[in-house]
1. What are the residues whose amide H is under 5 Å from the amide H of VAL130, where those residues sit 5 or more places off or on another chain and H is modelled from the backbone?
2. Once you have the Cα-Cα distance between ARG67 and LEU157, take 0.36 nm times their residue separation minus that, and quote the gain in nm to one decimal.
3. Apply the Karplus parameterisation 6.51 cos²θ - 1.76 cosθ + 1.60, with θ equal to phi minus 60°, to every residue of the range 58-66 and state each ³J(HN,Hα) to the nearest whole Hz, in sequence, with x for glycine and proline.
4. Mind listing the long-range amide H neighbours of GLN147? Cut-off is under 5 Å, sequence gap 5 or more, other chains count too, H placed in the peptide plane at 1.01 Å from N.
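Computed from the coordinates by the stated procedures, all read-outs in this text should not be read as laboratory data. Not measured: the values here are computed from a predicted model.
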Amino acid sequence: MTATLAELQALERDAVVPSYARLPVAFARGEGTRLWDVDGVEYLDFLSGIAVTNLGHCPPALVAAIREQAGRLLHVSNLFYTEPGMRLAARLAQRSLGGKVFFCNSGAEANEAALKLARKAKPGGDVVVVRGAFHGRTYGALSATPQEAKQAPFAPLVPGFVAVPAESGALAAAVTPRTAAVHFIAAHCCSAPLKGERQAARGTPESSESQPDEAPT
């Protein structure tokens with residue numbers, strides 16, 4: 001049974017906190033790079049679940065692996081060991097930058113961890129952030145998101161953030177001996193200067209190239 005868009009919108013009005021402005025489309029299934037809504041209309045998916053379904057929709061190997069694991073063990077919390085988690089951490093470390101892995105549930109949580117790590121390394125240090133960027137809706141990540149419309153309803157926010165334009169000169173000038181980190185990237189992104197909010201950052205190539213040397217370690 002597939003509910004209509006109107007039925008789903010009615011359920012949302014009655015049961016869901018209105019924290020997102022959804023577009024008027026209800027998807028029912030996906031395959032590869034394509035989606036189909038409840039009326040059978042086909043779409044080419046460029047959003048990929050905000051960079052989550054980057055393997056495509058319902059790839060057979062992934063579906064099979066999920067079904068097999070779901071039939072064996074779903075969840076025991078991080079208080080215990082399970083083989084898939086430890087093996088995944090090793091593979092991620094080996095195929096990226098090395099070091100160790102921190103598992104989390106969202107881009108906002110990843111940004112919170114990065115901010116806490118920077119503050120732990122430099123107690124009381126400032127974090128330089130780019131105006132217009134979006135880092136998440138948790139308190140620290142929201143404080144790092146210099147957008148008045150998103151921040152104002154939840155003030156006072158976490159202090160210690162310095163907002164600058166997405167320009168290499170402004171970023172370099174903002175870095176001082178008090179700086180703990182330069183948070184130049186949006187949630188869900190770990191290696192590209194993206195704003196996230198439907199657009200790429202308009203900073204120059206030099207702004208991303210200069211970051212590693214200018215930001216304190």
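1. Sorted by chain and number, the residues that satisfy this are VAL164.
2. Full extension from ARG67 to LEU157 adds 28.1 nm.
3. Values per residue, Gly and Pro as x: 6, x, x, 5, 5, 4, 5, 5, 5 Hz.
4. Under 5 Å from the amide H of GLN147: no residue qualifies.
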